[in-house]
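Participant: One structure, as structure tokens, below. Some questions next.
The values are calculated or read from the model by the stated rules, or taken from the named source; none is laboratory data. No experiment lies behind these values; they were computed from the predicted model shown. All Cβ positions, glycine included, derive from the backbone under ideal geometry; neighbour counts span all protein chains shown.
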Amino acid sequence: MKRFFLLVALALPLTLCAEVTVPPLFSDHAVLQKTSKVPVWGKAAPGEAVTVSIAGTSATATADAKGAWQALLDLSTKDSGPYDLTIQGAAGTKAIVATDVLIGEVWIASGQSNMEFDLKSSTGAAEEIAASANPKFRQFLVKKKLSPVPLDTVEGSWVVAGPDTARSFTAVGYYFSRKLQKELNVPIGLIHTSWGGTPIEGWTRKGALDTVPDLKEGADKSIAAFSEHPALAKAYEETLQAWEQQYNRALPLPADISSFTGASVTVTPEAGWKPVKLPGALAPTGLPDRGAIWLRRVVTLSAADAAYRGAVDCGPIPGFETVYWNGERLAGTTPADGGVAGNRHLYIDGKVKLQPGDGILAIRLAIPLGGAAIPNYIRWGNLDLAGEWQAKVEKELPPPSPEAKDAFPPLLPKAPRDINVASHLYNGMIAPLIPYAIRGTIWYQGESNAGRAFQYRTAFPLMISDWRTQWGEGDFPFYFCQLANYQTRATVPGDSDWAELREAQAMTLSLPNTGMAVLVDVGDEDDIHPRDKKTPGERLAAVALANTYGRSVPFVGPTYDSMAVEGAAVRIRFAHADGGLVAKPFPTDYAPKSMTPELRKPLVRNMLQSQLEGFALCGDDHKWFWGEATIDGESVVVRSKEVPNPVAVRYAWANNPLCNLYNGAGFPALPFRSDEFPGVTEKAKF
């Protein structure tokens, strides 16, 4: 009997005094939302009572059978602080104390690379960072994490804004928060959770995708392809190795690659190097059509190139390739990957240190059958690498026998990149944030969905609605950036996938409590990441100030309302013509890249005599022509001599439109079309 009581006594401390834990969201320098229901949650021993206290108020919760607990605080009447947040478990256990906690406004900042883009890389960064000390503005950066199932915690910490920290803040989120704080004089907490190059389906819960048949089908395929590819690739590698052995066509990587990739290599004809023009086939230049062949050239990286990292892109190579930077492997497609039957989009290894300046980019082609080439294009991020390269043969293979050619295992389809798999981003970087009390969300994403813009009409509002459902805070504000202008300007009007994506974003405004920052005037022709992040951040802030905080401020540009045909002309009426419609003057030149503003091109207009650019008309034949457009009060009149009987009008309908309609408050007009003609992305599916 004594032994029984001893065992019970020993067990009691384990049950009653188990360590209480909370996610890193509840840590030093945190910002809690000023509202009546602020959840604080964590883990404890099953049945353990946990008390949470701050600013003279407290709440108690009891851990369930799995050890999960959640307490609700009422902070609606509390001052901003700072305070200590105390989480106390059972008697005798050590309390968790988070210091310097503020009560204010909390926003989530999410999306892909233009939200991830940091302050130090943006226009005017040096001056802004120097003046960034702000004890009432903090950011929590969510560590990147992918997961096939929803996680219950994230990695990260709250960081107070200042010259040593703000440089790494999301630039759009920084300018958004700074503007809000200036106007509202309250603490701002920004939870930054974004990842470059990601599609919206990755940020959407699987259960939500399952409610839409074509999204469910695409999600199921992406998950299956991702999970099945390792086994398929392993089997492929084994099959290829057997084929290589049988037909004596192995191309193993040499033990020492420095003679091909090193900076001190003598690159001369006497050393076996031969100049070649890429893209293109190698055989016409006198090089082998099959075997192992090295290509190299000097590439100059700007500071922005080194920071962006990007990917090496080229067309469908009929074999395998490995890419090196100064002798370090950047990326590649190997037999262990199962090859890739299609274009190569080679994301570089994040462990490789890239520095601005000159370096050696080398590519090893391993072509077992024939057709050695970089066939269509070769780029590294924003760098076009077409031009002269140097090539050297490592090993030439003889033509394959008919038997070898017939037995060659074909390359496998490309496996989905991990960040493109449905719901994996949601599971790892959104689900663990729920139900942290927030005021709303700002979002900058869509570039990765431009090829499936029509489907985005469904996917984007689906994601927003489901986030709101999962948070359980009602229709919290969700404000987003419309895609900025990008790529070469079109000289004739026509269709555009980016325009269709912008349209899908604008259609999402039909959801309650949404708003959009139009950015068709802040993008770059040659860079998908424009450096001006102040304009997007402050335009989002204007939306929030007007719609969330009730400030009487303009927040949007002229918005298409209706059109009427008047003989050979079309009259377009607009809402939100605050201060009247304005034709903004054009500069004489522009910078294709805002990171190199000194490199400029002359601006060539499409309709030199027109007051407004960017309007196009068509008749029953659906052939589009630029229109001559004039402001007439709160409407615009458009006509074209090529379209005597217009039936439809479009504005700024292009990847990179030349357009200049604004309102007196300085906001650009929203791109629009009056027609519902079939688009170029209607059949594209996830």
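Participant: With respect to T239, is the statement that it is hydroxyl-bearing (S, T, Y), outside any helix (DSSP H, G or I) and over 30 Å from S168 (Cα atoms) true?
Facilitator: No; evaluated as a whole, the condition is false for this residue.
Participant: Right, next: (1) in contact (Cβ under 8 Å) with a residue 40 or more places away in the chain; (2) basic (K, R); (3) over 16 Å from G291 (Cα atoms): which one isn't true of K353, the others all being true?
Facilitator: Result: K353 fails condition (1) only.
Participant: Right, another one. Is it the case that some residue within segment 243-259 is surrounded by fewer than 17 Cβ atoms within 10 Å (Cβ to Cβ), of a type in the set (S, T, N, Q) and farther than 30 Å from A292 by Cβ?
Facilitator: No, the conditions are met nowhere in segment 243-259.
Participant: Separate question: Of all residues in segment 602-649 being exposed (fewer than 14 other Cβ atoms within 10 Å of the Cβ) and aliphatic (A, V, I, L, M), which is nearest to H576 (Cα to Cα)?
Facilitator: Only one residue fits best here, namely L608.
Participant: If I filter segment 286-321 down to residues being touching a His at 6+ places or on another chain (Cβ under 9 Å) and not in a strand (DSSP E or B), which single residue comes out as farthest from V340 (Cα to Cα)?
Facilitator: Of everything passing the filter in segment 286-321, A304 is farthest from V340 (Cα to Cα).
Participant: Counting only residues that are of a type in the set (G, A, S), farther than 27 Å from V40 by Cβ and free of Cβ contacts under 8 Å to residues at least 12 places away in the same chain, give me the helices (runs of 4 or more DSSP H) lying completely in segment 89-198 with at least 2 of them.
Facilitator: Here the list is empty.
Participant: Only one residue in D561, D589 is closer than 30 Å to N645 by Cβ and without any contact (Cβ under 8 Å) to a residue 24 or more places away in the chain. Which one?
Facilitator: D561
Participant: Would you list the strands (runs of 3 or more DSSP E) that sit entirely within segment 355-440 and hold 2 or more residues that are modelled with pLDDT under 95?
Facilitator: 357-367, 378-380
Participant: Go through (1) in a loop (DSSP other than H, G, I, E, B); (2) buried (at least 18 other Cβ atoms within 10 Å of the Cβ); (3) among the aliphatic types (A, V, I, L, M); (4) modelled with pLDDT of 95 or more and name the single condition M595 misses.
Facilitator: Of the numbered conditions (1) in a loop (DSSP other than H, G, I, E, B); (2) buried (at least 18 other Cβ atoms within 10 Å of the Cβ); (3) among the aliphatic types (A, V, I, L, M); (4) modelled with pLDDT of 95 or more, the odd one out for M595 is (4).
Participant: How many residues are buried (at least 19 other Cβ atoms within 10 Å of the Cβ) and over 14 Å from I374 (Cβ atoms) if we restrict to segment 268-287?
Facilitator: Result for segment 268-287: 1.
Participant: Would you check if W389 is surrounded by 14 or more Cβ atoms within 10 Å (Cβ to Cβ) and within 13 Å of L282 (Cα to Cα)?
Facilitator: yes
Participant: Can you name the residue in segment 449-464 that is buried (at least 23 other Cβ atoms within 10 Å of the Cβ) and of a type in the set (F, W, Y) and is also farthest from G218 (Cα to Cα) among such residues?
Facilitator: The selected residue is F460.
Participant: If you scan segment 28-42, which residues turn out to be within 19 Å of I96 (Cβ to Cβ), surrounded by 20 or more Cβ atoms within 10 Å (Cβ to Cβ) and of a type in the set (D, E, K, R)?
Facilitator: Result: no residue meets the conditions.
Participant: If the requirement is being under 31 Å from the mean Cα position of the chain (by Cα), in a strand (DSSP E or B) and more than 23 Å from P530 (Cβ to Cβ), which of these qualifies: R573, R650?
Facilitator: Answer to the check: R650.
Participant: Criterion first (part of a helix (DSSP H, G or I), in contact with a Pro (Cβ under 8 Å, 6 or more places away or on another chain) and not hydroxyl-bearing (S, T, Y)) does E244 satisfy it?
Facilitator: The answer is yes for E244.
Participant: Counting only residues that are β-branched (V, I, T) and at pLDDT 95 or above, which one in segment 81-97 is surrounded by the fewest Cβ atoms within 10 Å (Cβ to Cβ)?
Facilitator: It comes out as V97.
Participant: Hey, does segment 343-353 have a residue that's in contact with a helix residue (DSSP H, G or I) (Cβ under 8 Å, 6 or more places away or on another chain) and either surrounded by fewer than 20 Cβ atoms within 10 Å (Cβ to Cβ) or on the phi < 0 side of the Ramachandran plot (or both)?
Facilitator: Scanning segment 343-353 turns up no residue that is in contact with a helix residue (DSSP H, G or I) (Cβ under 8 Å, 6 or more places away or on another chain) and either surrounded by fewer than 20 Cβ atoms within 10 Å (Cβ to Cβ) or on the phi < 0 side of the Ramachandran plot (or both).
Participant: Those residues that are at pLDDT 95 or above and among the charged types (D, E, K, R), I need them from segment 441-476; list them, please.
Facilitator: The answer is E447, R452, R457, D466, R468, D475.
Participant: Please enumerate the residues belonging to segment 203-236 that are under 31 Å from the mean Cα position of the chain (by Cα), buried (at least 18 other Cβ atoms within 10 Å of the Cβ), hydroxyl-bearing (S, T, Y) and in a helix (DSSP H, G or I).
Facilitator: S222
Participant: Take segment 394-410 and flag every residue that is touching a Phe, Trp or Tyr at 6+ places or on another chain (Cβ under 8 Å) and either among the aliphatic types (A, V, I, L, M) or surrounded by fewer than 16 Cβ atoms within 10 Å (Cβ to Cβ) (or both).
Facilitator: S401, E403, A404, A407
Participant: Among residues belonging to segment 554-592 that are among the β-branched types (V, I, T) and loosely packed, with under 15 Cβ neighbours inside 10 Å, point out the one that is farthest from M607 (Cα to Cα).
Facilitator: Result: V565.
Participant: Additional query: Pick out the one residue from D313, D256 that is modelled with pLDDT under 95 and more than 28 Å from P409 (Cα to Cα).
Facilitator: D256
Condition check ((1) in contact with a Ser or Thr (Cβ under 7 Å, 6 or more places away or on another chain); (2) buried (at least 24 other Cβ atoms within 10 Å of the Cβ); (3) among the acidic types (D, E)) across all residues:
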position	(1), (2), (3)
W443	yes, yes, no
E447	no, no, yes
D466	yes, no, yes
Y486	no, no, no
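Participant: Checking the structure you have, find out if any residue of segment 486-496 is without any contact (Cβ under 8 Å) to a residue 60 or more places away in the chain and not assigned by TED's automatic domain parsing to the domain that holds C659.
Facilitator: No, because not a single residue in segment 486-496 is without any contact (Cβ under 8 Å) to a residue 60 or more places away in the chain and not assigned by TED's automatic domain parsing to the domain that holds C659.
Participant: Being under 28 Å from T35 (Cα atoms) and among the small types (G, A, S) narrows it down to one of G124, G104, so name that one.
Facilitator: Result: G104 is the single residue among G124, G104 that is under 28 Å from T35 (Cα atoms) and among the small types (G, A, S).
Participant: Hey, another quick one. Only one of E628, E676, E682 is without any contact (Cβ under 8 Å) to a residue 24 or more places away in the chain and more than 15 Å from Y560 (Cα to Cα); which?
Facilitator: After ruling out the rest, the residue left standing is E628.
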